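Peer 1: Let me begin by handing over the structure; questions about it come next.
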DNA sequence: CTTGACTCCCAAAACGTTTTGGAGAATCCT
DNA sequence: AGGATTCTCCAAAACGTTTTGGGAGTCAAG
């Protein structure tokens, strides 16, 4: 309730001593320490956060930018992730502020405001691009940050990401193993690292199998984008018998496209993200997801270690992808 | 990048003048004002947030507590709401921090930490209880806050809420109008205002129709709670022909219960919240939802007005409830 | 008695802003 | 010319903490 000065006065001690007593320094006697603690408890004293932050030169804050652009705000797990992250950060005295990007401003503007105004000690970035100006900016400023997703930045930086390459390669190979030969890819915007990575995985598998890699169509990472991209593939003279989709949202759009063409229900499909909604589509959507639980805690841990100064190379987590098999990936394959 | 002192020195001006120039005061000449602004732009000067906050005695922060308890974290709209709120707050120079409640701590502890440590200028509370200790605490401290949901607090406080009473009364009357006489209520925990309010609406309708109000079972505001409560009602000697459920999650649990009893698919059901998942249940779940769009902006506006000192009475929004008719509310009614 | 080590405490500086209360110069009015 | 007013600017205080660099005492050893 009160401030240090009043508390010190009421105890007949100096501000210094009270401050150090509360922080548990050894150079104040056990007796006074106890006396101070009791008095502080009684009046409910809490140090003024702004003053401490100014003096300590720490903002005690971490910001996460929420892209409002296309693709919405990640899967529904996202809030759980943030919540978990915030909880673990709080245990270290840091709070998490959410920073949506208002229209007319770029995410870079947001970063600038937070970083140059010394409003945060670190940042959390989601939805990285291959060449990500936010990453470059933060690196140039030397402020700690962790990204959800890799980039093609030359300097290493901390990240957590799923191994989309391996996941999409495996999914494609699996289709090949059960007889599919024309396997299409519904790709997300290639400027995003995840979309490019997943596309590369599909392409690698196709080449390993000696198959052409022309059955690829790109769209916005949304239902509508998947719908349009799938339609484009289905209009090809020799259309695909299976579709590997960059995200579940796109896969759900692709399912809609399948319903609109003859024999569309013969076409197998798989997505990525494990959206809860996938369990309710018809057919139920087979998908993939990043392994590992309590992602929020991992992000928090990386952030804290980055703030503590650990080198970026040791703060990179690449998680395996696992299949979530429902029904959409095993449509009967008609003889070609 | 630099601080005010350095900027002032490089311009041959005093700190005062530079500060005032940047803030656009009239007592600095247009010429110097421009000169200062240009220099500030060039070096990318931004005032140190902690220093400003200390001096201004404002935290420039608003916190929202995220209940981790039962009932998860509200509907998926929740993140959108927070994002919208944060965006509008940011326009006024305030940032939104999310404060999940770690296990072992109460929401009250969180409030105390934020308020007494002067970490926030205001708070946003969700999931109010009828008698809500957080509300009482914040009122005793005189710190501005807005709740999502009413309380039974004697002192008025700012809130945004849906008119659950009217909504559930209307839903019940609608069942009555099409011939239902045994209309059950799957209730949420009555300590929550929303659950109590909705229960009262159902009860009022039943009494208006001269029907008994014993077909009511309470459960946790989750699928499992709805499942158990519905089973309890279905075991009654004269079981209900329609169910009014406090939340969609509970309604989805109730649907599961219906599938497990003879003739369960004859029983009509309606929920509340308009969860996206409701469109995919079988049958598709009829539900209700609060009217009004861009809820986040409304919360932000109320918060800002509360901070500005407007009286609580003028900061209360009660929104009407609208039906979202899908299929589950119009099961054929067998002659009793 | 002096010296050094140790214990417990404190005054003052510093963090970087905003704001108060003028000061000096120029301009205006009579 | 003399006083009042206006226009620019500034020194210093204040916000509430943490931290630096000792300053008194006390005690044991020399």
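Nothing in this text is a laboratory measurement; each read-out follows from the coordinates by a stated rule. All of these numbers come straight from a predicted model, not from anything done at the bench. Here Cβ is always computed from backbone atoms with ideal geometry, including for glycine, and neighbour counts include all displayed protein chains.
Peer 1: Any chance you could give the angle, 0 to 90 degrees and rounded to 10, that helix A:107-116 forms with the longest Cα principal axis of chain A?
Peer 2: Around 20 degrees separate the two axes.
Peer 1: I would also like to ask the following. Could you identify which residue out of B:234, B:13, B:243 has the top mean-square fluctuation in a GNM of chain B using Cα springs shorter than 10 Å?
Peer 2: B:13
Peer 1: How compact is chain A by the rule of thumb for globular proteins, expressed as Cα Rg over 2.2 N^0.38 Å?
Peer 2: 1.29
Peer 1: Also: Can you compute the modelled spin-label distance between residue A:200 and residue B:14, with each label point 7 Å from Cα toward Cβ, in nm?
Peer 2: For residue A:200 paired with residue B:14, the spin-label model returns 6.0 nm.
Peer 1: Please state, as a whole number in µm²/s, the translational diffusion coefficient that the Stokes-Einstein equation yields for region B:150-224 at 20 °C and 1.002 mPa s, with Rh defined as the Kirkwood radius across alpha carbon pairs.
Peer 2: The calculation lands on 163 µm²/s.
Peer 1: Something else: Calculated FRET efficiency, residue A:105 and residue A:55, Cβ-Cβ r, R0 51 Å, to nearest 0.05?
Peer 2: Result of the calculation: an efficiency of 0.95.
Peer 1: Can you tell me the alpha carbon radius of gyration of region A:185-248 divided by the globular rule-of-thumb value 2.2 N^0.38 Å?
Peer 2: Cα Rg divided by the expected 2.2 N^0.38 Å: 1.04.
Peer 1: Treating the point 7 Å from Cα along Cα-beta-carbon as the label, what are the nm separations from residue A:166 to the other copies, to one decimal?
Peer 2: Copy-to-copy label distances for residue A:166: 5.7 nm.
Peer 1: Take the alpha-carbon centre of region B:95-159, take the same for region A:175-202, and report the distance between them in whole Å.
Peer 2: If you average the Cα positions of each part, the centres end up 48 Å apart.
Peer 1: Once the label point is set 7 Å along the Cα-to-beta-carbon vector, what list of distances in nm do you get between residue A:332 and its counterparts in the other copies?
Peer 2: The answer, with the shortest distance listed first, is 3.2 nm.
Peer 1: Looking at region B:184-326, what % of the alpha carbon pairs are farther apart than 24 Å?
Peer 2: Summing the P(r) tail past 24 Å for region B:184-326 gives 37 percent.
Peer 1: Over all alpha-carbon pairs in region A:57-167, figure out the percentage whose distance exceeds 22 Å.
Peer 2: Value for region A:57-167: 31 percent of Cα pairs lie more than 22 Å apart.
Peer 1: Which residue, B:27, B:132, B:80, has the most motion in a Gaussian network model of chain B that connects Cα atoms within less than 10 Å?
Peer 2: Sorting by GNM fluctuation, first place goes to B:27.
Peer 1: I would also like to ask the following. Give me A:227, A:25 ranked fewest to most by other Cβ atoms within 10 Å of their Cβ, as a rough exposure proxy.
Peer 2: Result, fewest neighbours first: A:25, A:227.
Peer 1: Continuing with this model, one more query. Please compute the average number of Cβ atoms from other chains found within 10 Å of each residue's Cβ in peptide B:34-46.
Peer 2: Counting Cβ atoms of other protein chains within 10 Å of each residue's Cβ and averaging gives 1.
Peer 1: How do A:137, B:175, A:114 line up, fewest other C-beta atoms within 10 Å first?
Peer 2: Exposure proxy ranking, most exposed first: A:137, A:114, B:175.
Peer 1: Something else: In vacuo Debye scattering of region A:250-317, one point per C-alpha: log10 I(q)/I(0) at q = 0.27 Å⁻¹?
Peer 2: After summing over all Cα pairs, the log10 values are -1.14.
Peer 1: While we're looking at this one, here's another question. Angle, helix B:248-259 long axis vs. longest principal axis of chain B, Cα atoms, 0 to 90°, nearest 10?
Peer 2: 20
Peer 1: Measuring label to label, 7 Å along Cα→Cβ, what does residue A:155 give against each other copy in nm, shortest first?
Peer 2: So the distances to the same position in the other copies read 5.0 nm.
Peer 1: Sort A:185, A:88 so the one with the fewest other Cβ atoms within 10 Å of its own Cβ comes first.
Peer 2: Lowest to highest Cβ neighbour count: A:88, A:185.
Peer 1: Another question, if that's okay. At a Förster radius of 30 Å, what calculated FRET efficiency corresponds to the Cβ-Cβ distance of residue B:35 and residue A:136, to the nearest 0.05?
Peer 2: 0.45
Peer 1: Oh, and also: Quote the Stokes-Einstein diffusion coefficient, in whole µm² s⁻¹, for region B:23-106, based on the Kirkwood radius over alpha carbon pairs, a temperature of 20 °C and a viscosity of 1.002 mPa s.
Peer 2: 130
Peer 1: I'd like the orientation of helix A:164-177 relative to chain A: the angle between its Cα long axis and the longest Cα principal axis, in ° from 0 to 90, rounded to 10.
Peer 2: 30
Peer 1: Now a separate question. Rounded to whole Å, how close does chain B get to the rotation axis onto A by Cβ? Give me the residue too, please?
Peer 2: B:280, 2
Peer 1: Please check: in the Gaussian network model of chain B (C-alpha springs, under 10 Å), which one of B:22, B:82, B:125 has the largest mean-square fluctuation.
Peer 2: So, out of B:22, B:82, B:125, the one fluctuating most is B:22.
Peer 1: Over 49 Å, how big is the tail of the calculated P(r) for the protein assembly as shown, in percent of all Cα pairs?
Peer 2: More than 49 Å apart: 24 percent of the Cα pairs in the protein assembly as shown.
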